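Asker: Just dropping this structure here.
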Amino acid sequence: MENKHASEHLLEIKNLRTSFFTNNGEVKAVNDVSFHVDKGEVVAIVGESGCGKSVTQMSIMQLVQSPPGKILGGEVNFDGRNLLEYSSNSPEMRAVRGAEIAMIFQEPMTSLNPIITVGNQLVEVLRTHNKQLGKKEAFKQAAAALENVGIPDPVARLKNYPFEMSGGMRQRVMIANAVACNSKLIIADEPTTALDVTTQAQVMELLMDIVNKNQIALIVITHNLGLVNRYADRIYVMYAGKIVESGTTEELLKRPKHPYTIGLLESVPRLDGQTDEQLVPIQGSPPNLAQLPDHCAFMPRCKYACELCRNKPIPELRKSSGDEHFVACHLNIDEVNE
Ligand code: SF4
């Protein structure tokens, strides 16, 4: 496999912080998050619902609803610019959204406009980002975009409303929308969750085909470790608004070091595991992000928690084994398990 990590960072997030100011206090949804994505790389952000993974991506796109949300600090360096220097509604930011960075959402029925045909929606995307494009040529390109994502009879399908299509076909339209403007980065937020298993595989294969062919970088937000294992080059594990472990897919799945990652892996069946293997769910529930403790947030659920974890401040990411493996835990779990 070619070394994708040799290239410069296409996206580099530094110390990103996003909070929601509610009646119950400040909800620290993204709490000092840093990560990067290289050109043509597939990166997975993994974690339970409410861990901050979707808010991180919405912050990159400046789509966090304000109020109550607010990006409090950090940098979103994309292709040589810090996007946080632009306001959410600035022409610069509008030019980035859709054209340079595209998003594919979990449920296409709620992200496609139900009262506009898919053809008109695609044409709008194409013409918004290319003012010179005539209507006739835009429809031609829209039909080509549908054909590109494997939709048969694309010219006729342009006249369909989203409800006239199956879930899998709607998700293909979302992919067509995302790649229509030659984006450099696609953010796919749980792209296959709403689909049946067979369609999930087809949609993911199609997406991977397109990103590989066009050297597009892809961030997949998911809780599906099977999907991560198959498609991602690197993984970031998020818990309570922070990244608690990161590494190459191979290293992190074979040698997880953070008790939360270990718990995630123990709670799903593995293809290489024993057939009578017991699945162990992670006990408890994620913390209230409005009342985070000043020590490790995973402590109430962690089977390795000890006095040290209680007395020390929140653990920072530190280098573990392997060049790109980082973990935020006070203990060396390998030593504890010996
Ligand atoms: Fe568990 Fe302690 Fe590590 Fe937190 S710091 S994950 S409580 S062992």
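Asker: What residue, among those in the stretch 1-16 that are modelled with pLDDT of 95 or more and of a type in the set (A, V, I, L, M), is farthest from residue 41 (Cα to Cα)?
Answerer: Restricting to residues being modelled with pLDDT of 95 or more and of a type in the set (A, V, I, L, M), the top hit is 16.
Asker: OK, next. Just checking, does the stretch 60-72 include any residue being within 20 Å of residue 237 (Cα to Cα) and open to solvent by 10 Å² or more (accessible area, probe 1.4 Å)?
Answerer: Within the stretch 60-72, none of the residues are within 20 Å of residue 237 (Cα to Cα) and open to solvent by 10 Å² or more (accessible area, probe 1.4 Å).
Asker: Could you list, in sequence order, all residues of the stretch 252-263 that are within 14 Å of the ligand (Cβ to nearest atom) and out of contact with any His (no Cβ under 8 Å at 6 or more places or on another chain)?
Answerer: Hits for the stretch 252-263 are 256, 258, 259, 260, 261, 262, 263.
Asker: Right, here's the next one. Residue 19 - would you say it is of a type outside the set (Val, Ile, Thr) and at pLDDT below 95?
Answerer: no
Asker: Do we have any residue at all in the stretch 211-219 that's under 26 Å from residue 315 (Cβ atoms), open to solvent by 20 Å² or more (accessible area, probe 1.4 Å) and either modelled with pLDDT of 95 or more or touching a strand residue (DSSP E or B) at 6+ places or on another chain (Cβ under 7 Å) (or both)?
Answerer: no
Let's see how each residue does on (1) within 21 Å of residue 22 (Cα to Cα); (2) in a loop (DSSP other than H, G, I, E, B):
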{"residue": "36", "(1), (2)": "no, no"}
{"residue": "43", "(1), (2)": "no, no"}
{"residue": "48", "(1), (2)": "no, yes"}
{"residue": "51", "(1), (2)": "yes, yes"}
{"residue": "65", "(1), (2)": "yes, yes"}
{"residue": "71", "(1), (2)": "yes, no"}
{"residue": "74", "(1), (2)": "no, no"}
{"residue": "93", "(1), (2)": "no, no"}
{"residue": "102", "(1), (2)": "no, no"}
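Asker: So, in the stretch 284-338, how many residues would count as being within 11 Å of the ligand (Cβ to nearest atom), farther than 19 Å from residue 248 by Cα and open to solvent by less than 60 Å² (accessible area, probe 1.4 Å)?
Answerer: 15
Asker: Any idea which of 266, 277 is within 16 Å of the ligand (Cβ to nearest atom), over 17 Å from the mean Cα position of the chain (by Cα), acidic (Asp, Glu) and modelled with pLDDT under 95?
Answerer: Answer to the check: 266.
Asker: For the stretch 64-81, name all the residues that are at pLDDT 95 or above and of a type in the set (Asp, Glu).
Answerer: Result: 75, single match.
Asker: Count, please, the residues in the stretch 100-119 that happen to be of a type outside the set (A, V, I, L, M) and either open to solvent by 50 Å² or more (accessible area, probe 1.4 Å) or free of Cβ contacts under 8 Å to residues at least 24 places away in the same chain (or both).
Answerer: Number of matching residues: 6.
Asker: As an exercise: evaluate residue 86 against (1) of a type in the set (Ser, Thr, Tyr); (2) over 17 Å from the mean Cα position of the chain (by Cα); (3) at pLDDT below 95 and give the number of the one condition it does not meet.
Answerer: Only one criterion is unmet by residue 86, namely (3).
Asker: Are any of the residues in the stretch 89-99 over 30 Å from residue 213 (Cα atoms), over 14 Å from the mean Cα position of the chain (by Cα) and surrounded by fewer than 22 Cβ atoms within 10 Å (Cβ to Cβ)?
Answerer: Yes, that holds for at least one residue.
The values are calculated or read from the model by the stated rules, or taken from the named source; none is laboratory data. No experiment lies behind these values; they were computed from the predicted model shown. Reconstructed Cβ throughout: ideal geometry from the backbone, glycine too, with neighbour counts over all protein chains shown. Surface areas here come from the heavy atoms of the whole protein model, side chains and all, with no ligands, DNA or RNA. Shrake-Rupley method; radii C 1.70, N 1.55, O 1.52, S 1.80 Å.
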